[in-house]
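Q: Before anything else, here's the structure in question.
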Amino acid sequence: MTAPSIDDLLQRHRTRIDRVAFAYAKGPADRDEIAQAIAVQLWRALPRLLPDLPESSWVYRIALNVAIAHARSSARRARTLAEADVDDLPTAAAPEPEDDLERLRACLDEFAELDRALVLLWLDGEDHAAIGRVLGLSTTNVGTRLHRLRQRLREAYERRARRHDREPRSGDPTLHGHD
């Protein structure tokens, strides 16, 4: 079996790569950085394409590993910054998610890395066996974890939606103290 060209591979799996990058990124620049790192790692690993694993599972495995490594690295950088003397820096409130996709991403941010990967694969329509192959879990373990994670995701999403609905809007007269 000959390995596909990197251009063909990236074209076929662009949506998967973008979804993984979106799920683990903190913003647009971060998302682009993760997607680029995934593409580079796929190019490096292309000669070692696993013939016994479906191509999509192989791409997911690499993409998730890169995204998780990036998230860990970002968390270390954030801890280092937090430990620095930053009392003089102005603080800004984090913007509340404005749409369903941003709210979903914010909910996924609350999950551990493996759980986030599991939900991402499920949202992408992968079956339990495929998810298990990508993440190295048994099909039963995938089913059990997904059941619990879907409930946690539903609760987190509803909690964020209620919080967002209670916040005043920019055109709301209650913002200015008018009746």
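The values are calculated or read from the model by the stated rules, or taken from the named source; none is laboratory data. This is a predicted model, so every value here is computed, not measured. Note that we place each Cβ from the backbone using ideal geometry, even for glycine, and neighbour counts take in every protein chain shown.
Q: Pick from 148, 133: which is in contact (Cβ under 8 Å) with a residue 24 or more places away in the chain, among the charged types (D, E, K, R) and not assigned by TED's automatic domain parsing to the domain that holds residue 67?
A: Testing whether each residue is in contact (Cβ under 8 Å) with a residue 24 or more places away in the chain, among the charged types (D, E, K, R) and not assigned by TED's automatic domain parsing to the domain that holds residue 67 leaves just 133.
Q: Could you give me the residue pairs with C-beta distances under 6 Å whose first residue belongs to the range 1-24 and is among the aliphatic types (A, V, I, L, M), whose second residue is loosely packed, with under 12 Cβ neighbours inside 10 Å wherever it lies, and which are 6+ apart or on separate chains?
A: Correct list of pairs: 1/51.
Q: Report those helices (runs of 4 or more DSSP H) wholly inside the range 71-179 carrying at least 2 residues which are modelled with pLDDT under 75 and more than 20 Å from residue 28 (Cα to Cα).
A: Because the criterion is at least 2 residues that are modelled with pLDDT under 75 and more than 20 Å from residue 28 (Cα to Cα), the helices (runs of 4 or more DSSP H) in the range 71-179 that meet it are 139-166.
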